[in-house]
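Take a look at the structure set out below.
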Number of protein chains: 2
Amino acid sequence: MAITVVGSVAFDSIETPAGRQERCLGGAATHFALAASFFTDVRVIAVVGEDFGPDQEAVFHKRNIDIQGIERAPGKSFFWEGSYLDNLNEAKTHNTELNVFASFEPKIPDAYRDSEFLFLANIDPVLQRRVREAMPQAKLVAGDTMNYWIKDHRDALKQVLKGLDILLINDTETRMLAGNNNLVQAARGVLGMGPRMLVVKHGEYGATAFYGASTNGLGAKTFRAPALPLEEVVDPTGAGDSFAGGFFGYLASQKDLTPGAFRRAMFYGGVMGSFAVERFGTERLQQLSRAEIDERFSQFRELTHLD
Amino acid sequence: MAITVVGSVAFDSIETPAGRQERCLGGAATHFALAASFFTDVRVIAVVGEDFGPDQEAVFHKRNIDIQGIERAPGKSFFWEGSYLDNLNEAKTHNTELNVFASFEPKIPDAYRDSEFLFLANIDPVLQRRVREAMPQAKLVAGDTMNYWIKDHRDALKQVLKGLDILLINDTETRMLAGNNNLVQAARGVLGMGPRMLVVKHGEYGATAFYGASTNGLGAKTFRAPALPLEEVVDPTGAGDSFAGGFFGYLASQKDLTPGAFRRAMFYGGVMGSFAVERFGTERLQQLSRAEIDERFSQFRELTHLD
């Protein structure tokens, strides 16, 4: 099944202990689309400026990603500058220029309208909701958000959550959204807001899926996927979006959404996140092969399974 | 096989968001011994003061733990007072009174001398080394330490590490010991100091075992066990020692130390840690049954396994 993703396509200037890179191709929709493209057809809705040229287009085309939904607008693309010098788990933002993104009005190409999977990457919840309503045929809808929307745009976000099947956010966002410091209690609070499944991303410690109501408070309805302990993390930017792309891309490739499919999807999410951080920006995802992905999936199994 | 453990037997006054308890029975050797006692015979070497009476003895006797190696000295037992009000993952120490522990000279009862498993809980590395040398028959030796010894008693600690088969410490201690912020690189550094296996405890995120030299830098020689996402953490005190007790106790109960036995031991460690935090002090371990342990082991498998 094809996935349509709406979100940012951007340029990132990134500094980490491994070095500095200027104006890498980035943005949540970019990382998501590249990661998901190893599993299924992907279509992108976004806006870019005049600085988005043939080199950037080629990155999507090489992975057979449909970008007719990427609108070109006068001006510059969204730009983010940040560093991870003190802490690889948390970016320090130095500069954010919304540019063409400030007046983004998502337009959905007719060719996208049969997408049965829809991913609402981290953008203004008002836009997320508009896209969701414009694509009523979508059978499985997942999305992401961030502290800024949770804190200052809660009402709009709550409307989005009502229409989501799966929400993917991190530990801090989960606690903030529910107003509860205990992760299990917070997860239950978030599930009460609409999503049928919550995937909490723990960075280097993996991710946990919460779904349904736990009957015994002891994690009967939870599944935890690991992250691979890595020798070197070059650039954490986009790891969470790559996780989401692997997770949702794998689900979209499955004929039946069985519990086993969700478990494997959690592992594929972790696999794609672990590749993403090995190089700056999207470099590693651009160079990846399906064989490498499946080899790492086996390593994840070996890393966690009793036999 | 029997385990001998040397470490603290103490009283703890603990404050957490769940409440406050005065002078619970505590200490690393206590938590370890109770957790390990569900799997094998356990013998304790420690020192206590005149405040250690029949009520405390009964806790050990009910679990068939041999305490003839707990010396009674004039004065008071080791006492610790701490809280976890801001952060359940890190204790804030308000008061530490070494009392009889200040002049502790471990004495090994003859009846302990056939112990093939030896656990050196977190105490002065000079004492850890002395006990290890006094028990040359021990075939598998594991131990713990903490930031204080890593920082200010590094030379003595390094002597201990040379004689250890397995070191169990947390993320921060691993990074501090190796002087490296990347966990995988730090783990390799620690393995170069002597231990054949390093178990890094991640608190609510589980634990990772590193062993042997990784040939591809991608975790070929790692194993990650989860922690159970818990509705309520009443008191984290002793969770790490309980993990160690479950881990080492299970190993000591096995005829052959196969790779599978180590994997299951990691899971049993997580299981015992997850029970320990459900009540103050050692309350939960005192009330536990082997059936509950095995039921939770199954939950851990369900939580992490693809099928």
Most mobile listed residue (B:K162, B:K107, B:K62) in chain B, GNM with C-alpha springs under 10 Å: B:K62
Calc'd 3J(HN,Hα), segment B:65-82, phi into Karplus 6.51 cos²θ - 1.76 cosθ + 1.60 (θ = phi - 60°), Hz, glycine/Pro = x, comes to 8, 7, 10, 5, x, 8, 7, 9, 10, x, x, 9, 6, 3, 9, 10, 10, x
At 1.4 Å probe size, with every protein chain present, just tell me what the per residue accessible area of segment A:1-50 comes to in Å². 24
Report Rg(Cα)/(2.2 N^0.38 Å) for segment B:159-244, keeping two decimals. 1.12
Placing each pseudo-label 7 Å from Cα in the direction of the beta carbon, A:T258 and A:E50 end up separated by a distance in nanometres of 5.5
Please report the carbon-and-sulfur percent of the accessible area for the protein assembly as shown; probe 1.4 Å, protein heavy atoms only, DNA, RNA and ligands left out. 48
Could you work out the mean projected area of the convex hull around the alpha carbons of segment B:20-89, in square nanometres to one decimal? 5.5
Rounded to the nearest 20 debye, dipole of chain B from Cβ charges on Lys, Arg, Asp, Glu: 1160
Give me the dipole magnitude in Debye, nearest 20, for segment A:257-307 about the Cα centre, with unit charges on the beta carbon: positive for Lys and Arg, negative for Asp and Glu. 180
Axis-nearest residue of A (beta carbon) for the A-onto-B rotation, whole Å: A:Y205, 2
Taking only DSSP H segments of four or more residues, each worth -39500 (n - 2.57), what value at 222 nm results for chain B once the sum is divided by all its residues, to the nearest 500 deg cm²/dmol? -10500 deg cm²/dmol
May I have the extent of the alpha carbons of segment B:1-137 along their three principal axes, as whole Å values ordered from largest to smallest? 45, 31, 29
Can you quote the Å³ per residue value for the convex hull of the Cα atoms in the protein assembly as shown, rounded to an integer? 143
Given an 8 Å cut-off on Cα distances and at least 6 residues of separation, report the relative contact order of chain B as a percent. 18
How shielded is B:291-304 by partner chains, expressed as the average number of their Cβ atoms within 10 Å of its Cβ atoms? 3
Under 5 Å from the placed amide H of B:G26, counting only residues 5+ away or on other chains, we find B:A10, B:F11, B:D12
From the residues A:G238, A:G194, A:A121, which one has its Cα farthest along the dipole of chain A in the positive direction, the dipole being from +1 and -1 charges on Cβ of Lys/Arg and Asp/Glu about the Cα centre? A:G194
For segment A:166-307, build the convex hull from the C-alpha positions and give me its volume per residue in Å³. 122
Ellipsoid semi-axes in whole angstrom, largest first, where each is sqrt(5λ) of the Cα gyration tensor of segment B:124-209: 21, 14, 11
Using the Cα centre as the reference, give the magnitude of the dipole from point charges on the C-beta atoms of segment A:225-266 (Lys, Arg: +1; Asp, Glu: -1; all else neutral), rounded to the nearest 20 debye. 360
Residues with amide H under 5 Å from that of B:I70, placed H, sequence gap 5 or more: B:A46
Mean Cα-pair separation over length for segment B:123-258, i.e. relative contact order, pairs under 8 Å, 6 or more apart, %: 16
The set of residues whose placed amide H lies less than 5 Å from the amide H of B:K221, leaving out same-chain residues fewer than 5 positions away, is B:T215
When chain A is treated as a Gaussian network with springs between alpha carbons less than 10 Å apart, the largest mean-square fluctuation among A:G69, A:G192, A:G53 is found at A:G53
Taking only the alpha-carbon positions of segment B:95-151 and ignoring solvent, what does the Debye formula give for the base-10 log of I(q)/I(0) at q = 0.27 Å⁻¹? -1.20
Consider a paramagnetic label point 7 Å from the Cα of B:K62 along Cα→Cβ; state which residues of segment B:270-287 have an amide N under 19 Å from it. B:272-273, B:275-287
For segment A:205-211, Karplus couplings with θ = phi - 60° (6.51, -1.76, 1.60), whole Hz, Gly/Pro x: 9, x, 7, 10, 9, 10, 8
For segment A:1-59, build the convex hull from the C-alpha positions and give me its volume per residue in Å³. 92
If segment B:220-302 were replaced by its equivalent ellipsoid, with semi-axes equal to the square roots of 5 times the Cα gyration tensor eigenvalues, what would those be, largest first, whole Å? 22, 14, 12
Cα-Cα separations in chain B greater than 30 Å, expressed as whole percent: 26
Shortest first and in nm with one decimal, please list how far the B:R196 label point sits from its counterparts in the other copies (point 7 Å along Cα→Cβ). 5.0
Proximal aspartates and glutamates relative to A:K158, as straight alpha-carbon distance under 19 Å, when same-chain residues fewer than 8 apart are discounted: A:D124, A:E133, A:D144, A:D171, A:E173
What are the ³J(HN,Hα) values, in whole Hz, obtained from phi via the Karplus relation 6.51 cos²θ - 1.76 cosθ + 1.60 with θ = phi - 60°, for each residue of segment B:194-201 in sequence order, with x given for Gly and Pro? x, x, 7, 9, 10, 10, 9, 8
Under DSSP H, which helices of chain A have Cα atoms covering 18 Å or more of the helix axis and a Kyte-Doolittle average no less than -0.5? A:239-252, A:259-276
Roughly how large is the B-A contact in terms of buried accessible area, totalled over both chains, probe 1.4 Å, nearest 100 Å²? 3700
Where is the GNM fluctuation largest for chain A (alpha-carbon springs, 10 angstrom cutoff): A:Y148, A:Y112, A:Y211? A:Y148
Pairwise FRET efficiency - A:E302 versus B:K162, Cβ, R0 = 30 Å, nearest 0.05: 0.50
Once the label point is set 7 Å along the Cα-to-beta-carbon vector, what list of distances in nm do you get between A:K162 and its counterparts in the other copies? 7.0
Could you work out the mean count of beta carbons from other protein chains within 10 Å of each residue's beta carbon in B:138-144? 0
Run the label-point distances for B:Y148 please: 7 Å along Cα to Cβ, every other copy, nanometres, shortest first. 4.6
Could you state, as a whole-number percent, how many of the C-alpha pairs of segment A:62-212 are farther apart than 28 Å? 27
Can you tell which of A:G49, A:P106, A:T174 lies farthest toward the positive end of the dipole of chain A, using +1 and -1 charges on the Cβ of basic and acidic side chains (Lys, Arg; Asp, Glu)? A:T174
Here are some pairs, B:K151/B:K201; A:K221/B:K201; A:K76/A:K162; A:K107/A:K162; A:K139/A:K221; A:K62/A:K107; which of them have Cα atoms lying more than 26 Å apart in this structure? A:K76/A:K162
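The values are calculated or read from the model by the stated rules, or taken from the named source; none is laboratory data. Remember, it's a predicted structure, so these values are computed and weren't measured experimentally. Reconstructed Cβ throughout: ideal geometry from the backbone, glycine too, with neighbour counts over all protein chains shown. Accessible surface areas use protein heavy atoms only, side chains included; no ligands, DNA or RNA. Shrake-Rupley method; radii C 1.70, N 1.55, O 1.52, S 1.80 Å.
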